[in-house]
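Read the figures in this text as sums done on the coordinates, not as results from a lab. Being a predicted model, the structure only gives us computed values, none of them experimental. Neighbour counts run over all protein chains shown; Cβ positions are idealised from the backbone, glycine included.
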Amino acid sequence: MDSRVKFSIIIPVYNVEKYLRECLDSLVNQTFGDFEVICVNDGSTDNSLEILNEYAGKDGRFKVYSQENQGTGIARNYGLEFACGKYLLFVDPDDWVELNYLEILDRTFKETGVNVIQFGYKKINDISKEVRYYNYQKENKKFGFHKNLLKNPYFNRDDLKHIFRRRLMVWDKAYSLQFIRDNGIKFAPTRHGQDNLFSLGSVLVADKIFYLNEYLYNYRNRLGSAVNRKTKDRFCVFDNIRSLKGFLEEKQLFAEYSKAFEEYCLQQVFGMYNNIPEEFSLQYIEKAEEVLSKSNYKMFLRRIKNKGRTLPELIFSIRNRYDNLIKSKVVTILGFDFVIGGKKK
């Protein structure tokens, strides 16, 4: 009989005292109780550590480890060293999960025997409180995915077109811990985009993934979160790219995905450019030339000039923009932008 705890839940924590209790309470109150929560305090300077110790003092399932501030990737890798559950989950400290989260996942693992479960999530705007539902079946249609996962919920990388263009999170999946360790899947040791390596790695090597049509996770999109900050730390995209290339070569997948990987590099480098402080933009552009092919580097420069828009979009287009979570509409006419509502940059 397997005496291990069923779920190991890893939470990297850095200065989130405002949101942390809601996150931890959503785990305390689970309808399924066989789990451990591995909280890695990543050098918090607010009251986050005190809150973690409070929960650990009341509930032995909560374990607290601390490190100097090194970023989410290193914090999660550190937490992985202590995980001893059969299954593995990741929760961000400013998010929360549904109260039947573990109960549903435990039942699904028993019924399917897979190593990876993909499930849906809700995205909540912390200012407007707008809720958007992200359904994997619906999201895949954007990339030419025609398989009906509601009828046949099993899939793998062979079913996924444009796999490198997809949303790459780790908290919308559940994993077999042994599967993760057997395949040497880890996070890139960086502060931003580090979960791409883990998320892509797990999907690429899994023989079979199960799609669970449930919204189990609540993602809070908030001011000041890592994804909404402009910082020089975004230069880590170049290290992330090298880490992923190394993983693909190690798993003998690089030849199969070399073209898709080049497109991914362009997508990542351009995406991070928008979050680079202006005073470092020239330095960033120089670094981009080192990792992009000549043709993609030229395309990168064009995208910067055109702000990521195609020629028809420069002539006339209307699109939504979110500036610090405030929604506005941008009307482009002959290359000139007109902002309607929201907040102008």
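Around residue 46, which amide H atoms from residues at least 5 apart in sequence, or from another chain, sit under 5 Å from its own amide H, with H modelled in the peptide plane?
15
Would you mind putting 171-177, 57-63 in packing order, based on average other-beta-carbon counts within 10 Å, highest first? Intermediate results must be reported in sequence, preceding the final value.
Details: 171-177: 21.4, 57-63: 14.0.
Averaged packing, sorted descending, gives the order 171-177, 57-63.
With θ taken as phi - 60° and the coefficients 6.51, -1.76 and 1.60, list the Karplus ³J(HN,Hα) couplings across the stretch 160-177 in order, rounded to whole Hz; mark glycine and proline as x.
Along the stretch 160-177, the couplings run 9, 7, 6, 4, 7, 9, 6, 5, 10, 10, 9, 7, 9, 9, 10, 10, 6, 5 Hz.
What full-extension length gain, to one decimal in nm, is calculated for residue 331 and residue 156 as 0.36 nm per residue of separation minus the Cα-Cα distance?
Numbers: separation 175, 0.36 × 175 = 63.00 nm, distance 3.98 nm.
Going from the current span to full extension adds 59.0 nm.
Work through the residues other than residue 287 whose Cβ is under 13 Å from its Cβ and net out their charges, Lys, Arg +1 and Asp, Glu -1.
On the way: positive: 232, 234, 242; negative: 239, 286, 289, 290.
Summing Lys and Arg as +1 and Asp and Glu as -1 gives -1.
For the chain, what proportion of DSSP beta bridges, expressed in % and rounded to the nearest 5, is antiparallel? Working shown, then result.
On the way: 26 of 53 bridges.
Once the DSSP bridges in the chain are tallied, antiparallel ones form about 50 percent.
In a GNM of the chain with a 10 Å cut-off on Cα contacts, which of 153, 12, 93 has the highest mean-square fluctuation?
Among 153, 12, 93, the largest mean-square fluctuation in the Gaussian network model of the chain belongs to 153.
Over the stretch 84-218, what is the relative contact order in percent, taking alpha-carbon pairs closer than 8 angstrom and at least six residues apart?
44
List the relative contact order of the chain as a percent without decimals, with contacts defined as Cα pairs under 8 Å and 6+ residues apart.
On the way: 592 pairs, mean separation 53.2, N = 345.
Computed over the chain, the figure is 15 percent.
Of 48, 128, 66, which has the largest mean-square fluctuation in a 10 Å C-alpha GNM of the chain?
Judging by the Gaussian network model, the answer is 128.
Would you mind calculating the relative contact order of the stretch 1-59 from Cα pairs under 8 angstrom and at least 6 residues apart, reporting the percent as a whole number? Don't skip to the answer; put the middle values down first.
Values: 58 pairs, mean separation 28.2, N = 59.
Here the relative contact order equals 48 percent.
If the chain between residue 133 and residue 112 were fully stretched, how many nm would it gain, using 0.36 nm times the residue separation less the Cα-Cα distance? Intermediate values should be presented prior to the final figure.
On the way: separation 21, 0.36 × 21 = 7.56 nm, distance 2.46 nm.
Gain on stretching residue 133 to residue 112: 5.1 nm.
Beyond a 29 Å Cα-Cα separation, which of these cross-linked pairs lie in this structure: 18/122; 186/329; 18/161; 173/259; 63/230; 173/287? Intermediate results must be reported in sequence, preceding the final value.
Values: 18/122 20 Å; 186/329 39 Å; 18/161 40 Å; 173/259 26 Å; 63/230 32 Å; 173/287 33 Å.
The pairs that break the limit, which is 29 Å between Cα atoms, are 186/329; 18/161; 63/230; 173/287.
Please arrange 236, 265, 84, 39 by counting, for each residue, the other beta carbons lying within 10 Å of its beta carbon, fewest first.
84, 236, 265, 39
Two decimals is fine: what is log10 I(q)/I(0) at q = 0.10, 0.12, 0.17 Å⁻¹ for the stretch 1-141, from a Debye sum with one equal scatterer on every Cα and no solvent?
Those come out to -0.36, -0.52, -1.02, one per q.
Running a GNM on the chain with Cα contacts under 10 Å, which residue among 280, 300, 316 ends up with the highest mean-square fluctuation?
The residue with the greatest mean-square fluctuation here is 316.
Quick check for me: using +1 on Lys/Arg Cβ and -1 on Asp/Glu Cβ, what's the dipole size of the chain about its Cα centre, in debye to the nearest 20? Write out the running numbers ahead of the final one.
Values: 55 positive and 45 negative charges, 344 e Å.
Magnitude of the dipole: close to 1660 debye.
Between residue 68 and residue 267, what length comes free when the chain is fully extended (0.36 nm per residue of separation minus the Cα-Cα distance, one decimal in nm)?
Values: separation 199, 0.36 × 199 = 71.64 nm, distance 3.12 nm.
Difference between extended and current length: 68.5 nm.
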